[in-house]
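Remarks on the structure that follows.
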């Protein structure tokens with residue numbers, strides 16, 4: 001097997017087809033409504049790990065002011081391209097900035113900070129998580145909420161299933177072809193609560209010929225977020241909100 005590249009890297013297919021994969025993922029259906037319900041109507045939202053702008057644009061369309069922070073240039077370019085096509089009044093409610101969720105400082109506060117679609121779990125537990133909660137607390141006004149979408153630990157522990165040569169996702173592409181994803185490696189490290197995955201992306205044209213392929217590695221880390229949140233003045237606001245079958249949204253409030 002060739003050496004895999006990191007997820008969302010330049011020239012990788014995970015970034016190019018992020019919207020295709022997210023749009024087909026039933027486990028994040030209705031996350032937009034959940035996040036919108038946690039913020040003050042018309043308030044300001046900071047999104048850590050904004051990706052291609054899937055949520056930021058939709059939240060702005062609901063009347064929120066949204067700042068999105070994204071570290072991957074390939075994702076950020078797509079987000080800014082989408083923003084450039086919006087009507088000016090809507091585009092003015094959105095800004096995207098390249099930055100690391102564990103260190104960014106926008107020098108202002110928000111009504112809600114969100115970290116969706118397992119974005120925090122891509123970072124190793126420990127210092128990176130602690131710093132991300134510090135960033136979150138620094139950007140929240142008193143009484144503001146923070147919401148982190150994390151995988152369930154039992155989901156990470158699941159073994160590989162089915163035939164590795166059968167795609168676990170097969171979706172149409174905007175060009176009229178197909179995108180197929182294959183699980184090439186899935187290893188759970190119990191002592192670190194870490195799941196390592198290598199996924200092969202294959203893009204096919206309308207005739208079924210492979211146009212591009214890319215091996216990409218992604219890790220998911222899990223820890224109880226409550227103790228780290230508490231270190232930065234964030235207390236649990238409610239029981240975790242189940243989202244699909246694989247994850248939960250943990251909600252905290254700043255005193």
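Every number here is computed from the coordinates shown, using simple stated rules; none is lab data. Keep in mind it's a predicted model, so treat the numbers as computed, not measured. Reconstructed Cβ throughout: ideal geometry from the backbone, glycine too, with neighbour counts over all protein chains shown.
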*Calculated FRET value between residue 141 and residue 171, using beta carbons and R₀ = 51 Å, to 0.05*: 0.80
_the stretch 68-123 pair-distance distribution - Cα-Cα, 5 Å bins, rounded %_ = 4, 15, 25, 25, 21, 8, 2
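So, by mean Cβ neighbours within 10 angstrom, what's the order for 51-58, 80-87 with the highest one leading?
Values: 51-58: 23.6, 80-87: 13.1.
In descending order of packing, they fall as 51-58, 80-87.
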*If each of residue 107 and residue 77 carries a label point 7 Å out from its Cα toward its Cβ, how far apart are those two points in nm?*
2.9
*Taking the Cα atoms of the stretch 135-255, what is the range of coordinates along each of the three principal axes, in descending order and whole Å?*
58, 35, 22
*Find the Cα radius of gyration of the stretch 1-99, compare it with 2.2 N^0.38 Å by division, and give the number to two decimals.*
1.12
*May I ask you to order 239-248, 113-122, 220-229 by the average number of other C-beta atoms within 10 Å around their residues, highest value first?*
113-122, 220-229, 239-248
*Output the relative contact order of the chain, whole-number percent, from Cα pairs under 8 angstrom with separation of 6+ residues.*
19
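Let me know the volume per residue of the alpha-carbon convex hull for the chain, in Å³. All intermediate terms of the calculation are to be shown ahead of the outcome.
Details: hull volume 32.1 nm³, N = 255.
Per-residue hull volume (Cα only) is 126 Å³.
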*Per residue, what volume in Å³ does the convex hull of the Cα atoms of the stretch 155-220 enclose?*
85
